[in-house]
Each structure stands twice: as C-alpha cells, then as structure tokens.
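To start, the structure itself, in structure tokens.
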Amino acid sequence: MTTTNYDPRILKAPHPVPGAPDNWKRFFSFNTDAKVIGIQYIVTSLFFLLVGGLLAMIVRGELLTPPADLVDPTVYNGLYTMHGTVMLFLFLFPILNGFNNLLIPTMIGAPDMAFPRLNAAAFWLVPVFATVLMGSFFAPGGPASSGWWSYPPMSLQNPLGHFINGQFLWILAVALSGISSIMGAVNFVTTIIRMRAPGMGFFKMPIFIWTAWAAQTIQLIGLPPLTGGAVMLLFDLSFGTSFFRPEGGGDPVLFQHFFWFYSHPAVYVLVLPVFGIFSELFPVYARKPLFGYKFVAIASFGITFLSMIVWAHHMFYTGTPNWMRHIFMFTTMLIAVPTGVKVFAWLGTLWRGNLRLNTPMLFCLGGLFNFIFAGITGVMLATVPIDIHVGNTAFVVAHFHYVIFNTIGFGVFAGIYHWFPKFTGRMYYEGLGKVHFVLTFIGATLNWLPLHWAGLLGMPRRVASYDPEFAIWNVLGSIGAFMLGVASIPFILNMVSSWARGPQAPPNPWRAIGLEWLLPSPPPAENFQDDIPTVISEPYGYGLGRPLVEDEEFYVRRSQEA
Amino acid sequence: MTSTTPKKSPNIGAIVIITIAVGLNLVIAKMMANWSYSWFPPQASSAAPYVDDLFALETGIGSFIFFGCTGFMGWVLLFNRAGKYDESDGAPIEGNTKLEITWTIIPLVTVFLIATYSMNVNMKLQTLGPKHKYAIGTDPTVLIAKDPKADIGPIDVIARQWSWEFIYPNGVRSSELHLPVDQRVNFRLISEDVIHSFFVPAFRLKQDIIPGSIISYSLTPTKEGRFRLRDAMFSGAYFSQNQTNVVVESEATYTNWLKTTASQPLQPGLDPGRALYDRRLARGDKGWATVPPAPPPQVNDPGDPSIPHDA
C-alpha cells in the first residue's frame, strides 16, 4: 500500500474558506467548504420537507371523505403532482447530497471535495430550480398536474395554450435538478476514488462511502436518458414536435422507457445511502462489528447493477409482451438477493450486541422494520399477475411510501440525529428525539399500512374521489398523515433549540469508530488539514481492541484539545 | 472472516427454542396466507383465482420472512439491551462466511422459484392479444383479427376524458359493459385522447389503453353481478370520476339485453366528469386549467349508475 493515494496538490492549494467557522453568514454565501454546503443542503431540504408535507396534508384532507369536496379536482391533481416532485427533487435528493457533503470528506479523511466550486454550484442550483418549481404555482393555469411521471400525451395537453405553463416550468426544474445531480455525482465519485486517506483501500472504506459511490454511479448512468426524455417532452410540449404525440406518429410508451430507466434506479440512489446509514449506525449502537462487511460492501454494487435492468416492471400493463414481462420480473426479484444480504447482515450485527436505544438507533430499527415489510410488498409488485391487479392502485402508493418515507425518511432522521453533534458541535435533546420517533412511527404506520388493503380492493391511485367502500382505509391514512405533520413539531423544536443552545458536544459522543469521529466537533475547515491519518484497519472494529489509524492517540487527543 | 465463536456441543435449549419459533412462524404464515383471500373483492373472472392463489403464496412466504426477521429483532431488543451505565461492547463477531453464502443462496433460489411459478401463472391468464399502432383518424379495428378462442366479441372499448363507451358487434352502443357469464370475451381497446387503463378489480385484470394503438384483450367473467370498471391510469382533471359498471349476467339475460337495447334510440350516455365540470363553470371556472370533458358518447343504453355495485 502506498503511503498516500490522493493528490498532494489538492492539500497545498489555497483553499477558499471565507469567514470564521462560527460565521453564520457563510451559510448564505457561495461557500466552497463541503461541510457548509452539506448543512446548506440539509436545511434547505428540511424546509421543503415541510412544504411537501403541507401539500400531502391537503391531499390527505381531500381523501378524508369519498367525494371530491375540499378542493377542485384540478387543484388536487396539481397538489399531488407537486407533493411528489417537491419530496423527491427538493427533499430527498438534496438531503442525501447534504449527507454526502458532510460525510464523504470526513469519513475518507479528505480536506474537501475534489471540485469545491462545482460542489457549491451544484448546491446553488437547488434554490434556482426550487424557485422555478414554486413559481409554477403562479403560472397561468396552475402548476404541472400530470403526476410526477408526466406521462404524455396527458402532460402535453396544455389547456390554456400559453408558452409558459406549469408543465413547462416543471420540466425546466427537473432538468436543472438533473444537472445539479450530475455535478454532484461527478464530484462525489471523483472524491471517493481519488482522495481517500493513506491506507484506506476500497475494503477499508466505511459502508456509507460504498453506498454513496454505488448510488452516485447510478446518477451518472441514469440521468442522461432521463434528461434526453425530458428534452423531447419539452419539445413536444412547446415546439410542436411529436416524439411522444400519437397524432404525429410518436409513441407515448417510449417516454415511459426513458422515464423509468432513470426513475426506478433513482429509488436506489435514495435508498443506498440510507443502507449506508444503517450500516454505520447499527454497529455503533449494538457495539459490534458490522456482520459480513465485505458482503455488505459488494452487495451495494450488486444493487447498482440490477437497478439498471428492472425499469420495465413499471410497464407490465402497458401492453408489453410476455417475454419482456418475464425478464423484468426475474431481474426485479433478483434485487431481493443483495438487499436481503444487507438486511440479514444488520440482523446479524444486532445479534448478541449491547443495544443502546437512543433516537438514531430507534429510527434505524424502525426503518429496518418498515424496510423488511416494503421488501415483501416489493416482491409482490414484481410478480406480473399480482402487479396486473394492484399496479396503479393505492397498494403501490403504500408500498413506495413504505420505502421512501418509512425506510429512507427514517434513515435520514437517524443520520441527522447521529451526526448532529459532529457537525453542529451541540448535543440534541434525547427526550424530544424520542417523542419525534414515536409520533413518526405511529403516524407513518397508520398512514400507509391501511392503504395496502384499499389497493387490494381496487382503489386506484391519484384519485380525488373514491367509492365509499374505501373510506375506512382512507380515514385511517389521513389521521396518520396529520400525525406526521404533528411529529415535525418536536423535530423542529429539537433541531433549532439544540443548535442554538444545546450542550457542547464532545468529539466522539457515541464512542464510534471512524475517521469523522477523530475530528473535533464541529470539524475545522479542511478537516485533518496537514495531518491526515493512515488507516490500518477495516472499519467497525467494535470490541476488537484494534486501532483504526496509526497513532490513534494523537488524533484523539488533538480532537479533544480543539 | 469466520466466526470467532469456538465450536461447542449443540445447545439443546437453543435448538428447542428455534424449533418452536420456526414452527410458530410457519403456523402464523399459513394463517396469514389463508386470511389474505379475504382482502380482495369477489373472484369474478377466470384470472382471479390464479392471482389470489399467487398472492396467498407470497403472503405466506412474506409473512414467514417478516415475522421471522422482526421476531428476531424483538428477541434482540428484549435480551440484548445495554444497561443504563453499561458501556461494554457486544460479542466481536465480524461475520460468518458460510452463513453469508447461505443467506445469499436461499433468497436466490426462493425468488427464482417464485418467478418461475409466476411466469407459468401469467402464461395461463392469456389475456393480452396483439397490439397494433395506427395513424390517428384511420379505422384501427381492421388491424386486429378476432381472438379465435373468444365466444363473444370483439367488443370495442373506447376510453375518453372522461367516459367509457362499449360498442358491440351488432352495433349496440352502451355506457355500461354487459357480459355473459362464463364466456370468453374479446375486446379491442381504443383511446381517443390520453392513456387510460381498463381495470376491473373483481376480475383482477388491468390493461392500459394507449392512444395511437389498438390492443386486443380477452377475459372470461365467471360470476354474475355488477362490478366497477375503474380508469387506473391518471387521465387528467376528472380521472377519479371515470368509472362505470360491468354487468355480468346469464347468457339469456345478456342476449335479451342485446336484443332490446338494439331497438333503443341513441341518447347521451354516462358522462361522469360532466357534473363536476358544470359545477366548476358555475363557480366562475375557478381552479387550475383543464381540458373540457369530451362530449358524452351517444349510446343505446346509458346505464344506471345509481344501482349499487357488488365490488
């Protein structure tokens, strides 16, 4: 192993870090410090979690009763379209990029990202496309209202005929989001490959780094086709081409291929880093090494590979021939294998551990519980004959919210609590955290578990009204949704008050093993600066009594003195 | 990466507990599988029993995995909690290669078996016929030959924003879909505007209707009753209203209906989005933009949406 595997010029480069670390103005500037950008991402996306949640509560308010009586159906359609779009492009993608920014450099011992200016530019695109997307509420005719899939020819209808319309702004915002994501992905992958600390071979990287790498690889492969599809859709909508318009000989189903070729793997872009968070946190709070580190690491890229060849399972009932349905059923079900490896590894990590149930661990356990359930309904949806019945019903809505909120959302909260002391330098309040967990777990279960039965009974998704036999499931779902709204109160209270006046956090409050915990809380600009530790062990050496890095005492002492 | 636990003689207590747990889990899984049949609407087509059986099988396997894993989590939470001031580490087990290979191979074999079985079931359903593209404005029905196995049809199913129209081979037009029980019926699915989906939950069948394509589709109703036909692919403002009924009746009733309806004059059919659109116009066209509903289809039998449906 060479002594260093990153370019020394990066370390010596004059690094633009305006302002002192306690200068709050840096969060509103074009700052190139990955830790500042990470917090910018996370705070921005949490704001949009509230926006998306508010939209969801109006949607659930409409669904509280069978008839369409709360808002006009056109408004309902716009609201649920924007709910999905905001939650994906303004909450989940940015918040996970926030984690990438905070964790990738600190976990691999790099001073910053490989391309700090590109990194800041990628973040500042978020407010730009957020403004475009939010501005579309005021476009003539209202925002996009064809669902976040924007399937043509529905999305091309443009009833008022204006050039600037909700759908136009929506495509523009999604394309900008894609550009921002590609800029981020180039940066994250380069940083992981080129800037690891001396001694940190691939099989000494923490699992979060593995999963971030696997996820960002999907972004690099999948986003170009989606962007191509979006450009064609924009041309069909605004310039009269007919790539997807049947009147001009176009094929509306072609768009579905472009769309799902990226948008199914996109789920893995979101869930892989959360698998990384689970893999980081279970060992810390079970006080045990991660069970089968290498299997878990490799399984990440198994998921990346399989995610590329499953997209047509969204199209089992569009008239796809049987051979195609069968191939995609097989590939989709195969995803259960690498994800199963991870789930069993986490269970193996808990086994004979010494479990500490603080807030991050509770969110991890809740997320794992929900993910096992979501995995099972996922295999059901992959089964062609079952999907032909439950596809496009509330069952699908229930399934993907079990993945996207009850797993990914839980993992995100776990990560926020776990690394809060590290990056703010303050402890959060455990009691409020537990209240947040209990409300979130009950609310989420009540919201989405009953909808599975509504779907099995045949309630389509995206409806503004429904037959009365579905009322009971929807009433329960709406109560759960409002409860999730309430759950955000202790969370906001905790984050704001802890960051403002929480107790000072020590460098390593959880006695965790990892490079980021050898830094002071919060870490200084450029992290380890000139003294980058040399990694000598696999991560997660809990109970093994082996040092992670050469001269570990020095780094521990230095982090405490800072 | 091997287990650090030294080899020891089998622990009788552990074996008994695991056997009881697995046995209990099997019983629960079987109960869940049996219970799952009640989560569906009645079985009203020849496809429904296959779908429900497959779902019950996966519910059984899924329940076994779910309760197995979460039961394990429950056990760990009960017996492996750290005390308040206990800062010690757990057993430093880094992995067990044999176990890891096992839990890679078993899911692999399981999903392979499920997928193979599902593939066979899918081949038995045989609902989807040929799909042909056509130029908008031409008559697509000439492109599709009659399903040779079908007893009835082809019935043209025309989906619009937001209404359904069914045209029978003898020229009868209806807003509700009347079908004789236990006869294979063939449809030609046509959309005049956006993508719709022909979804009858009691039949467990769903097929998207793609504008610019005509799709041949066949199914066999097996139970008499009134079942909801719901548009399942989002189709715009009044998507959730775009529903009608499928009336499955005895062959005699069906023949009689076809004969008497043929003599009925054409009249505006079911147009479920219209009332909400009129309400919107009455309120000053407030709300976000929508295309207006297509004119109601002219049909011989407009149906009666006030009769309650069975599922």
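Using only helices, what value at 222 nm comes out for chain B when you add -39,500 (n - 2.57) per DSSP H run of length 4 or more and divide by the total residues, to the nearest 500 deg cm²/dmol?
My calculation for chain B gives -12000 deg cm²/dmol from helical runs alone.
Evaluate E = 1/(1 + (r/R0)^6) for A:Leu54 and A:Ser537, where r is the Cβ-Cβ distance and R0 equals 56 Å; express this FRET efficiency to the nearest 0.05.
After rounding to 0.05, the efficiency reads 0.75.
Could you name the lysines in cross-link range of B:Lys84, using Cα to Cα under 26 Å and dropping any fewer than eight places away on the same chain?
In chain and number order, the partners are A:Lys288, A:Lys422, A:Lys434.
Using modelled amide H (1.01 Å from N, peptide plane; none on Pro or chain starts), what sits under 5 Å from the amide H of B:Val299, excluding residues fewer than 5 places away?
Here the answer is B:Gln267, B:Gly269, since their amide H atoms fall under 5 Å of that of B:Val299.
Restricting to bridges with both residues inside chain B, how much of the DSSP beta-bridge set is antiparallel, in percent to the nearest 5?
75 percent
From the phi angles alone, apply the Karplus equation (6.51, -1.76, 1.60; θ = phi - 60°) to region A:428-435 and give each ³J(HN,Hα) in whole Hz, x where the residue is Gly or Pro.
8, 8, 4, x, 4, x, 5, 4
Rank the residues B:Phe203, A:Phe137, A:Phe369, A:Phe91 as a footprinting-exposure proxy: fewest other Cβ atoms within 10 Å of their Cβ go first.
A:Phe137, A:Phe369, A:Phe91, B:Phe203
What does DSSP give for region B:130-299 in terms of the percent of beta bridges that are antiparallel, rounded to the nearest 5?
In region B:130-299, approximately 75 percent of DSSP beta bridges are antiparallel ones.
What is the pair-distance distribution P(r) of chain B, computed from all Cα-Cα distances in 10 Å bins starting at 0, with each bin given as a whole percent?
5, 19, 24, 16, 12, 10, 8, 3, 0
Hey, got the Cα dimensions of region B:59-99 along the principal axes, in Å, largest first?
Taking the Cα atoms of region B:59-99, the three principal extents are 42, 28, 8 Å.
First select every other residue whose beta carbon is under 11 angstrom from the beta carbon of A:Leu70; then total the charges, Lys and Arg +1, Asp and Glu -1. Don't skip to the answer; put the middle values down first.
On the way: positive: A:Arg60; negative: A:Glu62, A:Asp69, A:Asp72.
Neighbourhood net charge equals -2.
Using unit Cβ charges (K, R positive; D, E negative) and no other charged atoms, how large, in debye to the nearest 20, is the dipole of region B:130-299 about its Cα centre?
I would put it at about 360 debye.
Can you compute the charge dipole magnitude of chain B about its Cα centre, using +1 on each Lys and Arg Cβ and -1 on each Asp and Glu Cβ, nothing else charged? Give it in debye, rounded to the nearest 20.
320 debye
Under a point-charge model restricted to the Cβ atoms of Lys and Arg (+1) and Asp and Glu (-1), what is the dipole moment magnitude of the protein assembly as shown relative to its Cα centre, in debye to the nearest 20?
Computed about the Cα centre, the dipole is about 1360 debye.
Taking a ≥ b ≥ c as the square roots of the eigenvalues of the Cα gyration tensor of region A:505-562, is the shape rounded (a/c under 1.5), prolate (a/b larger than b/c) or oblate? The partial results should precede the final answer.
Details: a/c = 1.96, a/b = 1.34, b/c = 1.46.
The shape class here is oblate.
Taking the Cβ of A:Gly378 as the centre, find all other residues whose Cβ is under 13 Å away and add up their charges (Lys, Arg: +1; Asp, Glu: -1). Could the numbers behind the result be given before it?
On the way: positive: none; negative: A:Asp387, B:Glu58.
That sum, taken over residues with Cβ under 13 Å, equals -2.
I'd like to verify something in chain B: which complete DSSP H helices, judged by Cα projection on the helix axis, reach 15 Å or more and average at least 1.0 on the Kyte-Doolittle scale?
B:12-36, B:48-79
Using only DSSP helix segments of four residues or longer, with each worth -39500 (n - 2.57), what per-residue ellipticity at 222 nm results for chain A after dividing by its residue count and rounding to 500?
Numbers: 18 runs with 347 residues, N = 562.
Here the helix-only value at 222 nm equals -21000 deg cm²/dmol.
Which pairs in the list B:Lys146/B:Lys206; B:Lys133/B:Lys223; A:Lys342/B:Lys206; A:Lys35/A:Lys294; B:Lys124/B:Lys223; B:Lys206/B:Lys286 are over 25 Å apart, alpha-carbon to alpha-carbon?
Exceeds cut-off: B:Lys133/B:Lys223; A:Lys342/B:Lys206; A:Lys35/A:Lys294; B:Lys206/B:Lys286.
What GluC sites (Glu not before Pro) in region A:493-561 are in a loop by DSSP, with at most 15 other Cβ atoms within 10 Å of the Cβ? Working shown, then result.
On the way: sites: A:Glu516, A:Glu526, A:Glu550, A:Glu552, A:Glu553, A:Glu561; in loops: A:Glu526, A:Glu550.
Loop-located and lightly packed - A:Glu550.
Using a 10 angstrom cutoff on alpha carbons, build the Gaussian network for chain B and name the most mobile of B:Arg204, B:Arg188, B:Arg283.
Among B:Arg204, B:Arg188, B:Arg283, the largest GNM mean-square fluctuation belongs to B:Arg283.
What does the net charge come to around A:His418 if you take all other residues with beta carbon closer than 11 Å to its beta carbon, with K and R at +1 and D and E at -1?
Numbers: positive: A:Lys422; negative: A:Glu280, A:Glu516.
Counting the neighbours of A:His418, the net charge comes to -1.
Can you put B:Ser263, A:Ser238 in order of Cβ neighbours within 10 angstrom, beginning with the fewest?
Numbers: B:Ser263 8, A:Ser238 16.
Starting with the residue having the fewest Cβ neighbours, the order is B:Ser263, A:Ser238.
Pick out, in residue order, every one of the chymotrypsin sites (Phe, Trp or Tyr not before Pro) in region B:26-113 that is DSSP loop and has at most 10 other C-beta atoms within 10 Å; say none if there are none.
B:Tyr85
Among DSSP bridges having both ends in the protein assembly as shown, what percentage is antiparallel? Round to the nearest 5.
Given both bridge residues lie in the protein assembly as shown, the antiparallel proportion sits at roughly 75 percent.
What does the C-alpha gyration tensor say about the overall shape of region B:130-299? Classify as rounded when a/c is under 1.5, otherwise prolate if a/b is larger than b/c, or oblate.
It is prolate, given that a/c is not under 1.5 and a/b is the larger ratio.
Taking amide hydrogens as modeled 1.01 Å from N in the peptide plane, which residues meet the under 5 Å criterion relative to B:Gly129, leaving out close sequence neighbours?
B:Ser216, B:Tyr217, B:Ser218
Exposure proxy check: A:Asp467, B:Asp147 ranked by fewest other beta carbons within 10 Å? It would help to have the intermediate numbers written out before the result.
Values: A:Asp467 18, B:Asp147 21.
With the sparsest Cβ surroundings first, the list reads A:Asp467, B:Asp147.
Let me see the P(r) profile for the protein assembly as shown: every Cα-Cα distance counted, bins of 20 Å, each bin given as a percent of all pairs.
15, 46, 30, 9, 1
Each reported figure results from applying straightforward, stated rules to the coordinates on display, with no laboratory input. Here the structure is a predicted model, which means the values were calculated and not measured. With ideal geometry, Cβ positions are generated from the backbone for all residues, glycine too; neighbour counts draw on all protein chains shown.
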